[in-house]
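The values are calculated or read from the model by the stated rules, or taken from the named source; none is laboratory data. Note that the structure is a prediction, hence the values are computed from the model and not measured. Positions of Cβ are generated from backbone atoms using ideal geometry, with glycine treated the same way; all protein chains shown enter the neighbour counts. These area figures cover heavy atoms from the full protein model, side chains too; ligands, DNA and RNA do not enter into them. Shrake-Rupley method; radii C 1.70, N 1.55, O 1.52, S 1.80 Å.
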Amino acid sequence: MERIMVIGVSAGVGKSTFASRLGDHLNIEVYHLDTFYWRPGWVEAPLEAFISAQKKVLSHNKWIMEGNYSNSFNLRSELADTIIYLELPLRVCLYRVIKRWLSNIGKTRPDMGKGCNEKLDWQFIKFIMTTYFPRKKEMKARFADLQKSDPEKLIVILKSKHEIEGYLLNVMG
């Protein structure tokens with residue numbers, strides 16, 4: 001495991017925390033896609049700049065890239081040797097998003113673009129609720145396709161807090 005993608009079913013599933021813990025243990029730099037995508041004041045980066053930032057990271061021998069962003073999934077998945085997918089229940093993801101917002105009001109998280117203070121609005125909640133189940137279905141199909149095209153690629157699917165902790169403990173030996 002040297003080129004690792006950490007993705008998840010939704011915001012609030014724990015991608016950033018998981019990636020940071022894994023990176024600390026494996027001594028591999030962690031890159032949060034939100035820091036490439038969001039410019040100050042929640043302005044979206046141009047797609048070319050977003051892709052270019054990822055390509056720069058992908059040229060390294062070792063990396064952990066965390067974040068979903070389906071518009072660059074194939075770019076990352078082709079070069080990743082390991083894909084770790086987190087899938088917790090919708091209610092847990094929503095709870096964590098609200099908790100994260102309450103804990104970070106007025107602050108910018110380290111896994112977020114500079115100048116993007118924590119925010120929560122109905123549009124984001126609605127996005128989580130409307131994409132959760134379609135994404136579960138989509139990821140299942142994507143992983144099946146990936147396994148057909150590259151049977152050597154390791155795909156790890158973790159579906160509970162217990163499985164996530166167990167995986168990290170196992171990796172940490």
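Two decimals is fine: what is log10 I(q)/I(0) at q = 0.13, 0.23, 0.25 Å⁻¹ for segment 92-173, from a Debye sum with one equal scatterer on every Cα and no solvent?
Calculated log10 I(q)/I(0) at the listed q: -0.68, -1.11, -1.13.
Round to a whole angstrom and tell me the spacing of the C-alpha centers of segment 18-61 and segment 98-112.
What the calculation gives is 18 Å, centre to centre.
Could you please tell me the mean projected area of the C-alpha convex hull for segment 48-127, averaged over all directions and given in square nanometres to one decimal?
It is 6.7 nm².
Rg and Dmax of segment 30-173, using alpha carbons, in Å: what are they?
Cα-based Rg and Dmax for segment 30-173 come out at 16.2, 46 Å.
Report the charge-dipole magnitude of segment 15-137 in Debye, nearest 20, computed about the Cα centre from +1 at each Lys and Arg Cβ and -1 at each Asp and Glu Cβ.
Computed charge dipole of segment 15-137: roughly 400 debye.
Ranked from the most accessible area to the least, with a 1.4 Å probe and all protein chains present, what is the order of Thr17, Thr82, Thr35?
The ranking, largest first, comes out as Thr17, Thr35, Thr82.
Given a 1.4 angstrom probe, I'd like the percentage of the accessible area of the chain that is carbon and sulfur, rounded to a whole number.
Solvent-exposed carbon and sulfur of the chain make up 55 percent of the total.
Might you work out the accessible area of Arg39 for me, using a 1.4 Å probe with all protein chains in place, and round it to the nearest 10 Å²?
In the full protein context, Arg39 sits at about 100 Å².
Which of the helices in the chain meet the span-like rule: DSSP H, Cα axial reach of 20 Å or more, Kyte-Doolittle mean at least -0.5?
Sorted by number, the helices that extend far enough and score high enough are 90-104.
Which one of Gly166, Leu88, Ile105 has its Cα pushed farthest toward the positive end of the charge dipole of the chain, where Lys and Arg give +1 and Asp and Glu give -1 at the Cβ?
Ile105
Where does the Debye-calculated log10 I(q)/I(0) of segment 1-113 sit at q = 0.20, 0.23 Å⁻¹, using only Cα point scatterers of equal weight, no solvent?
Results for segment 1-113 at q = 0.20, 0.23 Å⁻¹ read -1.15, -1.41.
Give me the number: length gained by fully extending Ser160 to Asn71, i.e. 0.36 nm times residue separation minus the C-alpha to C-alpha distance, one decimal in nm.
Gain on extension, Ser160 to Asn71, equals 29.4 nm.
Along the charge dipole of segment 14-128, which of His60, Ala45, Trp122 sits closest to the positive end, that is, farthest toward it, with unit charges on the beta carbon of Lys, Arg, Asp and Glu (+1, +1, -1, -1)?
Going by the Cα projections, it comes out as Trp122.
Could you give the C-alpha radius of gyration of segment 22-82 expressed as a fraction of 2.2 N^0.38 Å, taking N as the number of residues it contains?
That ratio works out to 1.13.
With an 8 Å Cα cut-off and a minimum separation of 6 or more residues, compute the relative contact order for the chain in percent.
33 percent
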